[in-house]
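Working notes, beginning with the structure itself.
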């Protein structure tokens, strides 16, 4: 009995452990998968942006684009202007690092905090004059404190400290306007201000400065209490702010009192020497350091400089990003390769089915015949250009041709033809997706047309087109030739062909065609959903991970940013 109980206990414990493990997995793994998907999208978008910016920069250098990653990388790395920018950034960061090192040395940092926070107290007292006027005693004390604090910062009894405060202000100003000057000018200004500061800093008596501050601090504390007890406290937080500033000044004096001033001065001198050494280094690289300071590259320049061969490949399937050009090579398109091959594989049998539709060769021939008829009519019109009636008739033919091109059935036919042509050679996921959507709409148009035997305005436009060709032929029949055997060309054959082709196109209908169009419509719907949403794959056995195409960049537009706006 006890053995069975022991076995049952072990099995129960094992089940509990497994259930806990499963619960942990259900909680943690989906989050991990989501983060992985997010990181892949972020990497893909960053990679495409980097390639796009690099290609734009490449074009400014060479006047053209390239699809060769090696050529692109080699050209960029050989560009002295871009490398100079990066060097300026590196030098600027080095200067900022050394400059901050000096300003953050304990003695200098605390003196600067004292100067800044006393100034903040004065500013707050000044900006709250309106509130203080409501209580005469507080108003008088605020005015007196402003005078006393100003006297402290400019005290004749502490001339060295006053000079130090002045040069600390100068250093702070230099820091804020660093990118307004060249690296060399900045370094000279910093060294000059520091040399002057150190001349007075060694003579500052911090104990005397703290003793002079102590009564002011007490007076400010009393002032704060009065303000907090007054109606002013309900409309302004000035008392709290002034109290914070005062405590910071007190804290800085306390920190200074704990410093070894001699050691601090030595440390400051060493940091000053590091800045002087840097200036000598800058002089040796004059072409770079004569440039304006630059704390960082622009986003585009940064992406270009840090572009590597790895950036050309998708983090999902390892395939190279698609680098596509317009027919005139004026614009470049960078596109994700993810799911392109799979989408083409799914689209190929659909394209073959569309190509095999019985009405497709007829409607394509009909459209070509309309185009060639207009072309021939224009040639005839040009030959008899003095014939005003013929000129007017041709212009009316042009108007009909424009209406013809915009007919729903003709647009649908062109979309289906383009889909059949584009699927085998398409290298753009977005273009294929766009054509799938157009083809789906086109199949729906033909399905409705053959089901209801209604072809929109095609019949009426065709009737007008044939009538206009008759009119054109009538004008031609009236033309007399100068030579006996010469003949005047006509459009009679074209008219007969158009009439015959349209009749053939409309009479293709049978039950099998309707069934085929219904089937194609469903296939295209599934295809479009795949193109729009991607697919899911199993990871860790039971969890789903989404795989989607990451979009494209074209004419400075990022598709993923446009999607967020929708």
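Could you work out the relative contact order of the stretch 81-304? I mean the mean sequence separation of Cα pairs under 8 Å and 6+ apart, divided by the number of residues, in percent. Working shown, then result.
Working: 198 pairs, mean separation 92.1, N = 224.
The value is 41 percent.
How far, in nm, would the chain grow between residue 195 and residue 179 when pulled straight, counting 0.36 nm per residue and subtracting the alpha carbon separation?
Numbers: separation 16, 0.36 × 16 = 5.76 nm, distance 2.20 nm.
Taking 0.36 nm per residue and subtracting the Cα distance, the gain is 3.6 nm.
So what is the relative contact order of the chain, in percent, for Cα pairs below 8 Å that sit 6 or more residues apart? Intermediate values should be presented prior to the final figure.
Numbers: 554 pairs, mean separation 104.6, N = 566.
Relative contact order, the chain: 18 percent.
Starting from the 7 Å offset along Cα-to-Cβ, what nm value, one decimal, do you get for the label separation of residue 378 and residue 123?
7.1 nm
If one takes the longest principal axis of the Cα atoms in the chain, at what angle in degrees, from 0 to 90 and to the nearest 10, does the Cα axis of helix 206-229 lie?
Helix 206-229 sits at roughly 70 degrees to that axis.
If you find the alpha carbon centre of the stretch 413-471 and of the stretch 121-198, how far apart are they in angstrom?
Centre-to-centre (Cα) distance: 76 Å.
Which of these values of percent of Cα pairs over 31 Å apart was calculated from the structure shown: (1) 52; (2) 46; (3) 73?
This structure yields the entry labelled (3).
Using 0.36 nm times the number of residues separating residue 140 and residue 561, minus their current alpha carbon distance, what extension gain do you get?
On the way: separation 421, 0.36 × 421 = 151.56 nm, distance 5.84 nm.
Extra length available between residue 140 and residue 561 comes to 145.7 nm.
Can you tell me the 0 to 90 degree angle between the C-alpha axis of helix 183-201 and the longest principal axis of the chain, rounded to 10?
20 degrees
Could you order the peptides 51-57, 289-295 from most to least packed, using the average number of other C-beta atoms within 10 Å per residue?
Numbers: 51-57: 21.4, 289-295: 17.7.
Descending mean neighbour count gives 51-57, 289-295.
I want to check the label-to-label distance for residue 255 and residue 14. Put each point 7 Å from Cα in the C-beta direction and report it in nm to one decimal.
That separation, rounded to one decimal, is 6.3 nm.
So if R0 is 35 Å, what FRET efficiency would residue 71 and residue 392 give, r being the distance between their Cβ atoms, rounded to the nearest 0.05? Provide the component values of the computation, followed by the final result.
On the way: r = 56 Å, r/R0 = 1.60.
That pair, residue 71 with residue 392, gives E of 0.05.
As an exercise, use a Förster radius of 30 Å and the Cβ-Cβ distance of residue 431 and residue 83 to find the FRET efficiency, rounded to the nearest 0.05.
Values: r = 37 Å, r/R0 = 1.22.
Step by step, r from the Cβ atoms, then E = 0.25.
To the nearest 10 degrees, how steeply does helix 340-355 sit against the main Cα axis of the chain, on a 0 to 90 scale?
The two axes meet at around 20 degrees.
Can you give me the C-alpha center-to-center distance between the stretch 247-289 and the stretch 521-562, rounded to a whole angstrom?
56 Å
Please check which bits of the stretch 40-62 a label hung off residue 298 would reach, taking the label as a point 7 Å along Cα-to-C-beta and the cut-off as backbone N under 15 Å.
It comes to 50, 52-61, nothing else.
Taking 0.36 nm per residue of separation and subtracting the Cα-Cα distance, what length does fully extending residue 522 through residue 457 add?
Additional length available on full extension: 20.7 nm.
Less than 17 Å from a label point 7 Å out along the Cα-to-Cβ axis of residue 345: which backbone N atoms in the stretch 510-529 qualify, by residue?
Under cut-off, by backbone N: 527-528.
Readers should treat all values here as calculations from the given coordinates under stated rules, not as data from a laboratory. Remember, it's a predicted structure, so these values are computed and weren't measured experimentally. Cβ coordinates were reconstructed from backbone atoms using ideal geometry, including for glycine residues, and neighbour counts include every protein chain displayed.
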